[in-house]
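A short write-up of the structure that comes next.
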Amino acid sequence: MDDAQLIPLAARGDRAAFQTLVERHRGLVYRVAYQYAGNHQDAEDIAQDVFLKVYRSLDRFRQDAQFTSWLYRIAMNACVDRSRRRNPADPNDESDELLLSTSSSDPDPEARAWAGEIGEAVRAAVDRLPPRQRVIFVMRHFEELKLIEIAQALGLAEGTVKRQLHAAVHRLRQMLRDVRVTQEGGVA
Amino acid sequence: MSCAYHDRGSAELYFYGELDEPSREAFVAHLDGCAICRDALADLETIRQALASRRESAAPAGGNWDAFMRGLDARLGEEPAPRAPRAWNWGLTLKIAATVAIATAGVLGGFQWQRARIERGGAPAASLAAVAREASPTPFEALTTVTDRHLERSKLVLLGLSAKDPRVARPSDWTYERELASSLIADTTQYRLAAADQGRPDLVKVLGDLETVLLQASLGDDEDPRALERLQRLIARRD
């Protein structure tokens, strides 16, 4: 049974139909959540948030839209919402850093060996971006969504998304400069 | 030192393939003479290489979904059953459509009868408008103006209110329906009075129901999160 047949059934409370939808799309949702969060615990929570929201909203899903596009939209917003819930005052302060600290403090040995200090620092810097910049960067860089698609998913103007991407890249480059300065200082 | 291309983010748009063809060509031509943009692209490439080692995962640790699915099931268990997509309230619509059509046909029939009577040599009328006035005293005139448009607009209110999920809809989400309902009440009241004058209790009942729903919708309280739910019950009861 394809998604178009399952969705109305799930919207009428058919748990088996909903479970089939979850099993079919959980990989995509989890991947997005993990790209954003960088650790399994947060990725699981975000992915569950996404499917709960899907469950609550199935009756409003427009059948002429792509189900996966709709999932992307919900997933992106869930990522941003989660960071904001964790730290409503300042999305870029220490607690935001802590949210993703797992990914930067526990890289696997191969990754550490390959990328070294710069790799680790860039990954940590991505994790420290403000929520919206981070989701835009992650969706463009890792998921390779076009900026116009991200704008539509987040309900933003494309120009805003471009500016946010620019700001994200600016922060990452700044961090890169800092690391280089530190390395040079260390060498000297 | 600064660069307009760099400042407006052209380097990352180029890097991510987001520039249209003319902009891309212009940027490539610009690159030769701009160290700032070349540095930006070099940094972006470094960032890409650094992130290539970032772990990806499309499944929980160990590829085991059991705990995830159990957790999701538990959270779903706390949710109320999803609302089935609300079907349009065809009962009320068809009643309105049918009764309005009958009423309109009656008025037009009366108008035709009057005109035929005049053509057969009955009392002359000064003009067609006068004939119309004679055939359609005020309450009847109201019914002759019952149009598909009124029905369609009423339908927009009922459909709009029925389709929203009261668990998540905010009062601002149905502002349009509230305002439209407000604008339709006066006409609906006129049609109901005209129907009463015609001795059509069935039509009076249907229009009365519609009037009640429109009135309640127009009075929807911005501060009351349960207002929409109550309206939906009101509509359902009048099916």
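Quick notes
- Cross-chain or 6+ apart pairs with Cβ under 8 Å, region A:26-44 first and more than 9 Å from chain B (Cβ to nearest Cβ) and in a helix (DSSP H, G or I), then among the basic types (Lys, Arg) and buried (at least 24 other Cβ atoms within 10 Å of the Cβ): A:Tyr36/A:Arg134
- Taken across region A:172-187, residues that are of a type in the set (A, V, I, L, M) and at pLDDT 90 or above do occur, with at least one present.
- Yes/no for A:Gln19 being within 9 Å of chain B (Cβ to nearest Cβ), in contact (Cβ under 8 Å) with a residue 24 or more places away in the chain and of a type in the set (S, T, N, Q): no
- Residue match in region A:78-99 (condition: modelled with pLDDT of 90 or more, more than 10 Å from chain B (Cβ to nearest Cβ) and crowded, with 20+ Cβ neighbours inside 10 Å): yes
- Where a residue in region B:2-15 is within 9 Å of chain A (Cβ to nearest Cβ) and without any contact (Cβ under 8 Å) to a residue 40 or more places away in the chain and its partner, wherever it lies, is part of a helix (DSSP H, G or I) and of a type in the set (Lys, Arg), with Cβ under 8 Å and at least six apart: B:Gly9/A:Lys162; B:Gly9/A:Arg163; B:Leu13/A:Lys162
- Residues in region B:137-176 that are of a type in the set (D, E, K, R), modelled with pLDDT of 70 or more and surrounded by fewer than 15 Cβ atoms within 10 Å (Cβ to Cβ): B:Arg167, B:Arg170, B:Asp173.
- Selection count, region B:12-42, where residues are within 24 Å of A:Glu158 (Cβ to Cβ) and either charged (D, E, K, R) or not in a helix (DSSP H, G or I) (or both): 9
- Restricting region B:45-64 to residues that are assigned to a helix (DSSP H, G or I) and facing chain A (nearest Cβ under 7 Å), the residue that is surrounded by the fewest Cβ atoms within 10 Å (Cβ to Cβ) is B:Ala61.
- Within region A:145-165, residues that are free of Cβ contacts under 8 Å to residues at least 12 places away in the same chain and at the interface with another protein chain (Cβ under 10 Å from one of its Cβ atoms) have Cβ atoms under 8 Å from residues that are loosely packed, with under 15 Cβ neighbours inside 10 Å and of a type in the set (Val, Ile, Thr) in these pairs: A:Glu158/A:Ile148, counting only partners at least 6 apart in sequence or on another chain.
- Residues that are closer than 22 Å to A:His141 by Cα, of a type in the set (Val, Ile, Thr) and buried (at least 22 other Cβ atoms within 10 Å of the Cβ), drawn from region A:30-73: A:Val32, A:Ile46, A:Val50
- Residue in region A:45-59 that is modelled with pLDDT under 90 and not in a helix (DSSP H, G or I) present: no
- Restricting region B:205-227 to residues that are modelled with pLDDT of 80 or more and under 11 Å from B:Glu177 (Cβ atoms) leaves a set whose member that is surrounded by the fewest Cβ atoms within 10 Å (Cβ to Cβ) is B:Val213.
The values are calculated or read from the model by the stated rules, or taken from the named source; none is laboratory data. For clarity, every value in this text was computed on a predicted model and none was experimentally measured. All Cβ positions, even for glycine, are placed from backbone atoms using ideal geometry, and neighbour counts span all protein chains on display.
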